[in-house]
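S.K.: Below is one structure. I have some questions about it.
No value in this document is a laboratory result; all are computed from the given coordinates. Values in this document were obtained by computation on a predicted structure and should not be read as measured data. As a convention, Cβ positions derive from the backbone with ideal geometry for all residues, glycine included, and neighbour counts pool all protein chains shown.
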Amino acid sequence: MPRSIIIDTDPGIDDAVAILLALASPQLEVLGLTVVAGNLALAPLVGNALAVAELAGRADLPVYAGCPRPMGEVQQNAAAAHGEGGLGDLIPPPASRAPHAAHAVTYLIETLRGAAPGGITLCALGPLTNIAVALIMAPEVAPAIAELVIMGGGSRGNVTPAAEFNLHADPVAASLVFAAGVPITLVPLDVTETVKSTPERVAAIRRVGTRCALAVADLLSPGPPGDKGAPVRPAMAMHDPCVIAYVLAPELFAGAAANVTIEIAGDFTRGMSVIDWRGRTARPANARVLQTVDAAGIYQLLAERVANLP
Ligand code: RIB
Ligand code: CA
């Protein structure tokens, strides 16, 4: 019986690889893509989600536009890391369809409301705005969430010294989500940054030769050399694909339960994931935080599965 998932995403180079990995895996039934502003503004990200689904031959997969801004003040986007179009140098054919008319939050609430307890796994690949708003509007749907797997946080920030992009973009939403009592698995930078797209790993995917394999290889490759010779954009670490890989093959990861609290404001710590590894506070564990990953196993899984796509 395939596991039902909804992917909440701001596609994004690594989001696109994660979406393709999910669509390539028969163990998963991707019910829909809900898009949230993050890497770029909402509109181009919705177009990217539609285009990636069609690249995978899934013009049937519903895509929903979600929240166009965070709950707190708007922060900088990640165009420097993902390119002005959001997918690096990949320019997929434009989508032939529009997103679904329903708002992503409405879709999340209604789908969870109609699901059995523990019936749906949510994979959060961007800022947590959509998921937080859904849980505020309809807290009674929380029992339908089997697991909320979140890419975010970590001990070393990538936007500030303290904060990772997804949590920094909307710390108010993240704080609400981690306090909602939902079963959370956190996939932090400490894990995802060890999963590096080396030329050998990317070449193995490119050898598969299909349009989706070539697209994944292009997405995971560094940008073209800049005027100083270094690539304009380094190869992307496999942040978001680790979320899908965890759902597919949790044995590739190890982690532990801990309390995770999100710093909402701070001159130096806005968006920081404060992980109480040593139990120094009375705050109960509210997440399983992943600590290690078999990086080679991730790429083997990706190369195997992407061959299932056109
Ligand atoms: O910090 C990495 C995260 O921020 C990833 O989800 C990437 O897509 C960006 O959104
Ligand atoms: Ca993302």
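S.K.: Principal axis extents for segment 158-310, Cα atoms only, whole Å, descending order, please.
M.R.: That gives 52, 40, 24 Å along the principal axes, largest extent first.
S.K.: Separate question: List the DSSP H helices in the chain whose Cα atoms stretch 15 Å or more along the helix axis and whose mean Kyte-Doolittle hydropathy is at least 0.0. Show your work: numbers first, answer last.
M.R.: Working: long enough: 13-23 (16 Å, 2.09); 42-55 (20 Å, 1.56); 295-306 (17 Å, 0.71).
Qualifying helices: 13-23, 42-55, 295-306.
S.K.: While we're here: If you average the sequence gap of Cα pairs under 8 Å that are 6 or more apart and divide by the length of the chain, what percent do you get for the contact order?
M.R.: It rounds to 20 percent for the chain.
S.K.: Now, a different point. Per the helix-only calculation at 222 nm, which mean residue ellipticity applies to the chain, given -39500 (n - 2.57) for every DSSP H run of n ≥ 4 and division by its residues, nearest 500 deg cm²/dmol?
M.R.: Calculated at 222 nm, the ellipticity per residue is -9000 deg cm²/dmol.
S.K.: Where a ≥ b ≥ c are the square roots of the eigenvalues of the C-alpha gyration tensor, would you call the chain rounded, which needs a/c under 1.5, or, failing that, prolate if a/b is larger than b/c, or oblate?
M.R.: Taking the square roots of the gyration eigenvalues as a ≥ b ≥ c, the chain is rounded.
S.K.: Hey, another quick one. Are there any trypsin sites (Lys or Arg not before Pro) in segment 1-104 that are in a DSSP loop and have at most 15 other Cβ atoms within 10 Å? List them by number.
M.R.: Passing sites in segment 1-104 are Arg97.
S.K.: Which percent, nearest 5, of DSSP beta bridges in the chain are antiparallel?
M.R.: Restricted to the chain, the bridges split so that about 30 percent are antiparallel.
S.K.: Then there is this: Under the Karplus relation 6.51 cos²θ - 1.76 cosθ + 1.60, θ = phi - 60°, what is the ordered set of whole-Hz ³J(HN,Hα) values for segment 59-65, x standing for Gly and Pro?
M.R.: Along segment 59-65, the couplings run 5, 8, 6, x, 10, 10, 7 Hz.
S.K.: Name the shape class, rounded, prolate or oblate, that the alpha-carbon gyration tensor gives for segment 58-192, where a ≥ b ≥ c are the square roots of its eigenvalues, rounded holds for a/c under 1.5, and otherwise prolate holds if a/b is larger than b/c and oblate otherwise.
M.R.: Details: a/c = 1.74, a/b = 1.10, b/c = 1.59.
Oblate, since a/c reaches 1.5 and b/c is not below a/b.
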